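Encoded as structure tokens, the structure appears first; notes follow it.
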Amino acid sequence: MNWSLFFDLTVSGLTLGSLYALIALGYSLVYGILKLLNFAHGDVYMIGAFLGWYALHALGGPVNPTFTGAVVLFLMFVVAMLGCGVLGVAIERFAYRPLRNAPRIAPLISALGVSIFLQNSALLIFGAAFRDYDTFDLIGVKTYNIGQLFFSVPQLLTVVAAIGLMVALTLFVARSRLGKAMRSTSFDREAASMMGIDVDRVISVTFFIGSALAGAAGVMFALVFGQIYHFMGFIAGLKGFTAAVLGGIGSIPGAMVGGLIVGLAESYATGYLPQGSTFQNLYVFALLILVILIRPSGLFGKAAISKV
Amino acid sequence: MTGDATLLELKELDKSFGGLRVIADLDMVVKEHEIVSVIGPNGAGKTTLFNLITGIYRPDSGEIQLDGRNLVGMAPHKITELGIARTFQTLRLFLNMTVKENVMAAQYGHTKVGVLRSMVRTPGARREEKEIHRLAEEKLGFFGDRLMGYRWDQFAYSLSYANRRRLEIARAMATQARILLLDEPAAGMNPRETHEITELIGKLRDDGGYTILVIEHDMHVVEGISDRVVALDHGVKIAEGSFEAVATDPRVVEAYLGLRKTETK
Amino acid sequence: MEQPPDTPRIGVDEWVASVEGKRERYTGPRGAVLKRWERLPPAARVLVFATPAAVFPFLTSGGNLFRYGLFTLVYALLALGLNIVVGFAGLLDLGYVAFFGCGAYMYAILASPQFGNHWQAEAAIPVVVVFTAVVGLLVGLPSRRLLGDYLAILTLFFGQAFVVFVNNANRISFPFVGHADLTGGANGIANIDPFNFFGYRIDSTRKQYYLLLIAVALVLILLMFVNESRTGRAWRALREDPLAAEVMSIPVNRLKLLAFVFGAAVAGLTGAIYGTIATAALPGDYDVGLLITVYAIMILGGFGSIMGIVVGAMIVNNIPKLLHSSANARPLFYGTILLAILVKLRPWRLLAAELGGLVAFGFAIHGIASAAYPRLVDGESIGSGVSARALDHWMLFPKNPVKIADVAYILLVAAIVVYPQLSRVWRAVLLPPLLYLVMFVWENLLLVHIGGATRLILLGAMLVALMNIRPQGLFGTATVEIA
Amino acid sequence: MRRRRATALATLLALGAALAVVAAAYATPERAAAPSAQAGSDAALVKCGKTRTIGFMAPVTGPAASIGIQQVHWAQYYVSTYNKTHKTKFKLQTEDTQLGAPTGTAEALKGAQALAGSSNVLGVVGPAGSNEIVGVTKSLMDGGLAWVSGSSTRTSLTTDGTRTGYMFRTVPPDAIQGPTAANFILKKLKYTRVYIIDDQETYSTGLADAVQQVLKAAGATVNRDGVSQQQSDFSSLIAKIPRDTQIVYIPWQLPPKGQAFGNQMKAAGKGTIKLMGADGLYDSSFASVGAHVYDTNFPLNPKSKIIAGFKKGHGGDGEYFGAPTYAATQVVGNAIDRACAKGSTTRAAVRAAIRSTKIPAAQSLIGVAIRFNRNGDLSTLHKFGLYKSNGTVFVPIAG
């Protein structure tokens, strides 16, 4: 066994997986409450990456930052998460809320419209060119290793931050008043509103959190892989979506595990399977189909018993 | 009036959900042209019983026989084709189809023309289509002017609650079933509508020739229609017999009527 | 929805009132036209649309026929197939364009130099259609167990897998046959033969157009017939409520498969035709983007509305092209806005006040800017002519608008989101500045990028707006969903 | 009431759309070419007038917009400099092909048909992608139009004989670039452990195949992989590259992707492995990865005034990927001028003029004279230029 390769693949898989998990959480949260596939979620993630870029450059750029690297990083995350959160709330307010009682497919289409709109607005404003983060200098391009286990600072940062955010979210949903309101709304929206829960507010908060996580993922992606462009949301959104479904859409731990599985599967497929990088997506899809066929509601999803 | 031939027979039926036994060791017989009411408090397993009979759930053990033929394991649509049709407590009409289309759609099972033939409208296809229309109108006609005439082309969602219940029954009739399973046909109705439904159920048996198994909470209705009453509690049959016998059975009173009698009567 | 139990009007339905209302409403010329339309037999309805379409080639040039006519029909045919799966049967199939690709590749294999096959069309088309139908069946099989969103994800992946497969199939060695370059990999399969029916070659744009017109008309009629048959009703029933459908003697699984198979067959046919138009089967042609386009068509047209699809195809194929030049785009844009205001703003006094306010606001801003910030007015509008020059005295045109226009754009998006939340009075007061902002962004940013991002931005915004106004699509009937 | 108004609005919109379609079909100047003109347009006389139209096909929008924009800039640069110094003017009729976009080659096809049907278009610059060319071949040839591409490199496009006399290109095919790169790796660098990664697009797979073939024939250890062009996370792929690999060859077409790949190699601790790109990556952003980066490109003339002028006009940015499109525009413009000597011309004449193009090295930014061989390839270019990064830009080195 080539341990070095295995470690490398694992590190890369975990990094990617954390990002997918963060994106998947957004899908899952929204799906849990509204039973809606938010197609525009991937594009929110893209906007997050761009907001981070603007924050970085407003703070003097990667080479001569106004503050120390850590502060700049922190501010980048804050800007991206807040910005995306507000964007998410606006999207819900404008594109989904008027359609609560419309046929199921209408909000899907509306979401599609938002996705096209965001993607091309980014093209319009940011331009078609790729933008570099160049933060390799800011936070150090140095690679550390423990034995044969190589990892870079951004990778470590991504995994740690992703896990931190997810723990925080889990606690929030489990402990806080709003979190409880979210759970009850997700369980039965009408009953929740009868119990005096402001459902609209809960939904707004859900969108805010999900989108903020996507924004954070966008910045992390750019820190690790260095580059952003207006079309980047689509593939990431698809993978996040896959992760959410794999883990059981609507379930928070499901999204995390699903994300990590997709990331690792992708990485190992690339490394070990024939023509791995070429057919990478095919392998991931095969895995997904397998999981769905065995457990139609995903790994952590509850099997819905249709009430007759 | 009531024939002697057994039409539907349940033998030692069992069903649990995640350790909770919803139907336990149930035996039951429905004879031809009989109206049998199933009563019991909420959670007694009444609707589950219907789901088992119509094949939506598969029993853990036991048999369901229609005319001596075991239905267990058959797909729901197959069971309906063999002659058991139902309505839903929660009303599950095809809301965005017209009244008449609802009834026509339910004739799928006993019609034959395939897609390709209907695409080119062969004479056979036209004939069958005409027959479907005729039958639908006949079934809707059963409800007097409630579902007649210009209402045929209205969408089902535009119907009042009571008419939706009627349409569900008409839809079940259109499958050419012999047994109708009516799940709380009078739920949510006012006294006058309830009275109408009671009369209708009698008419279904007398004029329509249907055998009827009905779940009902309203004791007026149960009293008015039942040849026989079966009381369930926690999936167990606790009493069976005439309305009077069951209603005065101490176990039933304890389980159910003791709490409810004053409210409903 | 539910009637309170003690309402005095027993058994009287809400719709009695609504029916009476509707009857009244359908008077006048519009009512007369609608009534006529409803009384027409399906074949005649198709004729109403097919006649102008048949005349179209004589009115325009080859390039226009290709761009506006041919592709409208390709998309219409494709969307008709999708309509069977999604519109009729209610199955969210996101891998649909893969069937389109299957059709094109299959025909390419049968009739191109790739394998030296040159089949006649009358033999190749049935083979292609049956082949894609079988693929549809295979994809449909696992779908029997899956509901809604899971079906969506599975089919989406089928679509992705298809693209990856055709893009890389040249790298695969198959068992038994060894290496066979089935799809030409990234290069695709070139030089596909035109259809050859018993020696008659469909090789010009006009011939292809008529072939497509016949295909669309035929599929339209067939679908109308199916829609009014037991299968059509069963599909709709299963769309409405699969469980109730199953209990009402409808074999839901078989009908789902049937919908998949027929949808795939139509897509396969379209694919073969498209293959002869593009003269090549290229892997990039069958990706998610096309799926979005086809969905947009079906949605605009209205779910389950067969005639609506044709109109949807016209809109989606042609509007973006019309917007291509600023000469067309400007009147179209302002026309739409004016129309929206005319419809929305009543009474006319308010309308006049708002428009007057807009004009005044423009002059005021322009006056202030030219006095205080001359940088804001030292550019000029795109295009020439009196109207453009007049605009220069009213609208701000910075010489280098890039940054300020970007900011204005973001501001505008924010304003549009916030605006509906305001009270009526504030909305009335803020309308002129908002409209001015819209025009500023349009003139300084959107119009500049009219060949690029603008068109798609407008498409996206249109989809959102349409869903807000009419969730059922332009021609769909209103649907009601129970929670 | 509200619904009724919405219905009215929807109906109006639909009617408006339908009307607009018909109106547009009438209004566009394409009507000049009568319906039957398509076949006859080959020999149809066109008055040249003061302003001559060059058809231009490029991915202005869509996923490949970042390279499309470069081509637009270079083509426009030619037109604007030409128009400043000449009495006759050129105009570009741009058709957006949206390479790699939603509706696939459909947009390219429509664009080609529009150009073919637009009687004042005399020649075409573009399209960018090899697959697009496969798609539009019939449309353009039916219209009698010649096209000069500045970026399609699939060898077979010119050699398979289907487009002879119609297709030309100002960028040499894979058959020239591939061996140049392979021989450099084998003979100059003397490397034997090579990793090749294509980006699954037609340009890239073609080049990768060509290089792999030569390397394998010489007995080198070659690993081959492919990665989707849409991907920007390469970490797992990088993990797979053995640490004793000497050079990674990535013939991709998006320089920023090459840059990201290089940076991620460094981040993974594999920054010592050499990298090599092809003309698609010839850009300062790829060069900025470090001094261990090599590249092949058609020899640009660094002293060319054209390049200097372009840089000045575009904020110092080279955007070299678009440079051959300048040459392509130059070829078409030049040919139209010659064909128009008598005031009117035909598309056939323009084709012939392109075929006989002779632009001297001094006026050409690619460093050599521009002439075409029988197939439509540059006859003056047999070898690619080799470059090595100095950390920020590529500098030529000896092959």
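Does A:Ala216 meet the test of being open to solvent by less than 10 Å² (accessible area, probe 1.4 Å), free of Cβ contacts under 8 Å to residues at least 60 places away in the same chain, touching a helix residue (DSSP H, G or I) at 6+ places or on another chain (Cβ under 8 Å) and more than 14 Å from chain D (Cβ to nearest Cβ)? Can you show your working first?
Working: open to solvent by less than 10 Å² (accessible area, probe 1.4 Å): yes; free of Cβ contacts under 8 Å to residues at least 60 places away in the same chain: no; touching a helix residue (DSSP H, G or I) at 6+ places or on another chain (Cβ under 8 Å): yes; more than 14 Å from chain D (Cβ to nearest Cβ): yes.
Here the answer is no, as A:Ala216 does not meet what is asked.
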Point to revise | Check on D:Ile366, touching a helix residue (DSSP H, G or I) at 6+ places or on another chain (Cβ under 7 Å), touching a residue at least 24 places away in the same chain (Cβ under 8 Å), among the β-branched types (Val, Ile, Thr) and in a helix (DSSP H, G or I) | key: no
**Study point:** Complete set of residues in region B:153-164 that are open to solvent by less than 40 Å² (accessible area, probe 1.4 Å) and not in a helix (DSSP H, G or I)
**Key:** B:Gln154, B:Leu159, B:Ser160
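From the set of residues in region A:76-103 that are within 7 Å of another protein chain (Cβ to nearest Cβ) and in contact (Cβ under 8 Å) with a residue 40 or more places away in the chain, which is most open to solvent (accessible area, probe 1.4 Å)?
Taking region A:76-103 and keeping what is within 7 Å of another protein chain (Cβ to nearest Cβ), we get A:90, A:93-95, A:98-99, A:101-103.
Next, only the ones that are in contact (Cβ under 8 Å) with a residue 40 or more places away in the chain stay: A:93, A:95.
Values: A:Arg93: 80, A:Ala95: 2 Å².
Ranking the candidates gives A:Arg93 first.
This table checks each residue for (1) touching a helix residue (DSSP H, G or I) at 6+ places or on another chain (Cβ under 8 Å); (2) surrounded by fewer than 22 Cβ atoms within 10 Å (Cβ to Cβ).
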{"residue": "C:Val418", "(1), (2)": "no, yes"}
{"residue": "C:Leu422", "(1), (2)": "yes, yes"}
{"residue": "C:Arg427", "(1), (2)": "yes, yes"}
{"residue": "C:Ile469", "(1), (2)": "yes, yes"}
{"residue": "C:Gly473", "(1), (2)": "yes, no"}
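Restrict the check to region D:77-84 and report whether at least one residue is part of a helix (DSSP H, G or I), open to solvent by less than 30 Å² (accessible area, probe 1.4 Å) and touching a Lys or Arg at 6+ places or on another chain (Cβ under 9 Å).
yes
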Check your understanding: Any idea how many residues of region D:240-267 are within 20 Å of A:Gln280 (Cα to Cα), facing chain A (nearest Cβ under 8 Å) and within 26 Å of the chain's Cα centre (by Cα)?
Key -> 2
Review point. Taking region C:182-198 on its own, how many of its residues are on the phi < 0 side of the Ramachandran plot and within 12 Å of chain D (Cβ to nearest Cβ)?
Key: 7
Review point. Given C:Leu213, C:Leu220, which one is more than 8 Å from chain B (Cβ to nearest Cβ), in a helix (DSSP H, G or I), open to solvent by 10 Å² or more (accessible area, probe 1.4 Å) and under 30 Å from C:Phe56 (Cα atoms)?
Key: C:Leu213
Study note, to complete from the structure: All-but-one check, B:Met189 against (1) modelled with pLDDT under 90; (2) aliphatic (A, V, I, L, M); (3) closer than 21 Å to C:Met248 by Cα, failing number (3)
Practice item. State which residue is nearest to C:Leu434 (Cα to Cα) when the search covers only region C:384-402 and only residues that are in a helix (DSSP H, G or I) and among the hydrophobic types (A, V, I, L, M, F, W, C). Key: C:Leu391
Review point. Looking at this structure, is A:Val199 aliphatic (A, V, I, L, M), open to solvent by 10 Å² or more (accessible area, probe 1.4 Å), modelled with pLDDT of 85 or more and out of contact with any strand residue (DSSP E or B) (no Cβ under 6 Å at 6 or more places or on another chain)?
Key: yes
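Looking at C:Thr270, C:Thr279, C:Thr293, can you tell me which residue is open to solvent by less than 50 Å² (accessible area, probe 1.4 Å) and more than 10 Å from chain D (Cβ to nearest Cβ)? Walk me through how you get there before you give the answer.
Working: C:Thr279 fails: more than 10 Å from chain D (Cβ to nearest Cβ); C:Thr293 fails: more than 10 Å from chain D (Cβ to nearest Cβ).
Just one listed residue meets the conditions, C:Thr270.
Name the helices (runs of 4 or more DSSP H) wholly inside region C:68-144 in which the number of residues that are hydroxyl-bearing (Ser, Thr, Tyr) is 3 or more. Step through it out loud before you land on a result.
Numbers: elements: C:71-82, C:96-110, C:121-143.
Because the criterion is at least 3 residues that are hydroxyl-bearing (Ser, Thr, Tyr), the helices (runs of 4 or more DSSP H) in region C:68-144 that meet it are C:96-110.
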Exercise for review: Please find, within region B:235-263, the residue that is modelled with the lowest pLDDT out of those that are touching a strand residue (DSSP E or B) at 6+ places or on another chain (Cβ under 6 Å) and hydrophobic (A, V, I, L, M, F, W, C).
Suggested key: B:Ala255
Practice item. Might you check whether a residue that is open to solvent by 20 Å² or more (accessible area, probe 1.4 Å), touching a helix residue (DSSP H, G or I) at 6+ places or on another chain (Cβ under 7 Å) and either free of Cβ contacts under 8 Å to residues at least 24 places away in the same chain or outside any helix (DSSP H, G or I) (or both) occurs anywhere in region B:168-183? Key: yes
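If the requirement is being closer than 22 Å to A:Ala255 by Cβ and either in contact (Cβ under 8 Å) with a residue 60 or more places away in the chain or not in a helix (DSSP H, G or I) (or both), which of these qualifies: A:Leu73, A:Leu37?
A:Leu37
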Point to revise | Per-region count, region D:192-206, residues touching a residue at least 24 places away in the same chain (Cβ under 8 Å), crowded, with 19+ Cβ neighbours inside 10 Å and out of contact with any Phe, Trp or Tyr (no Cβ under 9 Å at 6 or more places or on another chain) | key: 3
Check your understanding: Hey, any hits in region C:223-230 for a residue that's surrounded by fewer than 22 Cβ atoms within 10 Å (Cβ to Cβ), over 22 Å from the mean Cα position of the chain (by Cα), in a helix (DSSP H, G or I) and aromatic (Phe, Trp, Tyr)?
Key -> yes
Exercise for review: Please verify whether region D:246-263 includes one or more residues that are surrounded by fewer than 22 Cβ atoms within 10 Å (Cβ to Cβ), assigned to a helix (DSSP H, G or I) and in contact (Cβ under 8 Å) with a residue 24 or more places away in the chain.
Suggested key: no
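Against the condition within 7 Å of chain A (Cβ to nearest Cβ), open to solvent by less than 20 Å² (accessible area, probe 1.4 Å), farther than 15 Å from A:Phe94 by Cα and at pLDDT 80 or above, how does C:Tyr436 come out, does it pass?
Working: within 7 Å of chain A (Cβ to nearest Cβ): no; open to solvent by less than 20 Å² (accessible area, probe 1.4 Å): yes; farther than 15 Å from A:Phe94 by Cα: yes; at pLDDT 80 or above: yes.
So C:Tyr436 does not fit the description; no.
One line per residue, one yes/no per condition, for (1) in a strand (DSSP E or B); (2) open to solvent by less than 50 Å² (accessible area, probe 1.4 Å); (3) on the phi < 0 side of the Ramachandran plot:
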residue: B:Gln65; (1), (2), (3): yes, yes, yes
residue: B:Thr80; (1), (2), (3): no, yes, yes
residue: B:Glu101; (1), (2), (3): no, yes, yes
residue: B:Arg117; (1), (2), (3): no, no, yes
residue: B:Ala125; (1), (2), (3): no, yes, yes
residue: B:Glu129; (1), (2), (3): no, yes, yes
residue: B:Arg134; (1), (2), (3): no, no, yes
residue: B:Lys139; (1), (2), (3): no, yes, yes
residue: B:Arg151; (1), (2), (3): no, yes, yes
Review point. What are the residues in region A:107-119 that are at the interface with chain C (Cβ under 7 Å from one of its Cβ atoms) and either open to solvent by less than 10 Å² (accessible area, probe 1.4 Å) or touching a Cys at 6+ places or on another chain (Cβ under 8 Å) (or both), if any?
Key: A:Ile109, A:Ser110, A:Gly113
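Polar (S, T, N, Q), modelled with pLDDT under 90 and more than 23 Å from D:Pro173 (Cβ to Cβ): which single residue out of D:Thr380, D:Thr392 fits that description? It would help to see each step written out before you state the result.
Details: D:Thr380 fails: more than 23 Å from D:Pro173 (Cβ to Cβ).
Exactly one residue qualifies, and that residue is D:Thr392.
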Point to revise | Residue within region C:362-383 that is surrounded by fewer than 12 Cβ atoms within 10 Å (Cβ to Cβ) and assigned to a loop (DSSP other than H, G, I, E, B) present | key: no
Review point. Which residues, taken from region B:131-155, are more than 9 Å from chain C (Cβ to nearest Cβ) and of a type in the set (A, V, I, L, M, F, W, C)?
Key: B:Leu135, B:Ala136, B:Leu140, B:Phe142, B:Phe143, B:Leu147, B:Met148, B:Trp152
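The values are calculated or read from the model by the stated rules, or taken from the named source; none is laboratory data. What you are looking at is a predicted structure, and each value in this text was computed from that prediction instead of being measured. Glycine also receives a Cβ, built like all others from the backbone with ideal geometry; neighbour counts cover every protein chain displayed. To get the accessible areas, we keep the full protein, side chains included, count just its heavy atoms, and leave off ligands, DNA and RNA. Shrake-Rupley method; radii C 1.70, N 1.55, O 1.52, S 1.80 Å.
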